[in-house]
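Just so it is clear, none of the values below were taken in a lab; they were calculated from the coordinates. Source: prediction; values computed, not measured. Heads up, the Cβs are rebuilt from the backbone with ideal geometry, glycines too, and the neighbour counts pull from every protein chain shown.
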Amino acid sequence: MYRKANDLLVVFDLFGVVFSKGLAGAIGELEHIFQHDRTKIAEVYETHEPAFDLGEINEREFWRLVNRDLDRSVNARILSNLVISDYRVRKDVISLIKNVQRNFEVVVYSNYRHEWFQRLDRKHGISKVVPQIYISSITKILKPDQEVFNLLSTEHSKPVENIVLIDDNIANIEGANSAGATGLLYSSTDIIYEQMIKELGCSLIEFDYYCKVLLIRGPNGSIFLQRRRKNSIMFFSDALAPVYVQESNEISSKLATDSAGFKRLASLVTEPKHQKTISISLPLDRWACVEVWIADVIDLDLFLNEFEDIEAVWPSTYAGDSSHDPVGMIIRSVS
């Protein structure tokens, strides 16, 4: 359902979205310290975590209870340092947040303990990116409680239905939807744009660049053709032009310069079908919107005879770094 974009309040979860999860990173070392398997440790940890996240117990009491249930007596400060040191900031999410902030109000709401958050914030400066951060041990409300959304609605003068929660926990997403807000389940920044379009009817991302790509698939590999808007930092072209032929950086001059070649190409592939629209995080907090189309070669022999200069690289396999190469990200997203 479409809602006015400028009326939206976008709420990011902190751990599992902006940060990786500390327990997941530290679990191997905790196994060694506690001499229990990770399943048991996680069970005990998560049993006492809600009270910690509500501010009902402090750090020392939390670890006392964990030690008691695991029949150990490990120093609380050592354990806290171990878990906190394993949190990692996801830079692509920080870039996403900065982009969304261009047009929309953004806050963070996290089920977490304030004393640990303060230590992480001193190290990573998250509050400099998002000044308004709600921590459950201060608000005394845990997601997915509907009161979370009532609080945000009151604090920011937005109706609940104009609140968008981006969270990695399905229970929190279901809670948001039940409250009348919109919950978007986070899995990666690469697909969040598609979710926003589908669920909201509008984009929360202001894109710097737009392009369409056509992936032509054959039995031994694929070739990318791309159309970009003017002023793109990568290519300056109004016409389709090959970007990569899989692993090779060579550009087929015949395809790039001969417009008649595209007409011949069209007769050798199936009718292109729209596969998906994805967003890609670029350096310097810029974003590209990529519309991906797919076609298949009808007759490989005719295709190769027509475009002989492709044949040398056709069988190769793409193996780029998806974190830095937008084409590699596209290939993986449609494979």
- Scan region 175-198 for residues that are more than 12 Å from the chain's Cα centre (by Cα) and more than 20 Å from Val108 (Cβ to Cβ) and jot them down. Ser178, Gly180, Ile197, Lys198
- Item | Selection from region 7-22 of residues that are under 12 Å from Val83 (Cβ atoms) and touching an Asp or Glu at 6+ places or on another chain (Cβ under 8 Å) | Ser20, Gly22
- Item | Hits in region 144-161 (condition: among the polar types (S, T, N, Q) and buried (at least 17 other Cβ atoms within 10 Å of the Cβ)) | Ser153
- Query: Taking region 98-119 on its own, how many of its residues are in contact with a strand residue (DSSP E or B) (Cβ under 7 Å, 6 or more places away or on another chain) and either among the polar types (S, T, N, Q) or surrounded by fewer than 21 Cβ atoms within 10 Å (Cβ to Cβ) (or both)?
  - Reply: 6
- Of all residues in region 68-89 being in a helix (DSSP H, G or I) and among the hydrophobic types (A, V, I, L, M, F, W, C), which is farthest from Trp116 (Cα to Cα)? Leu70
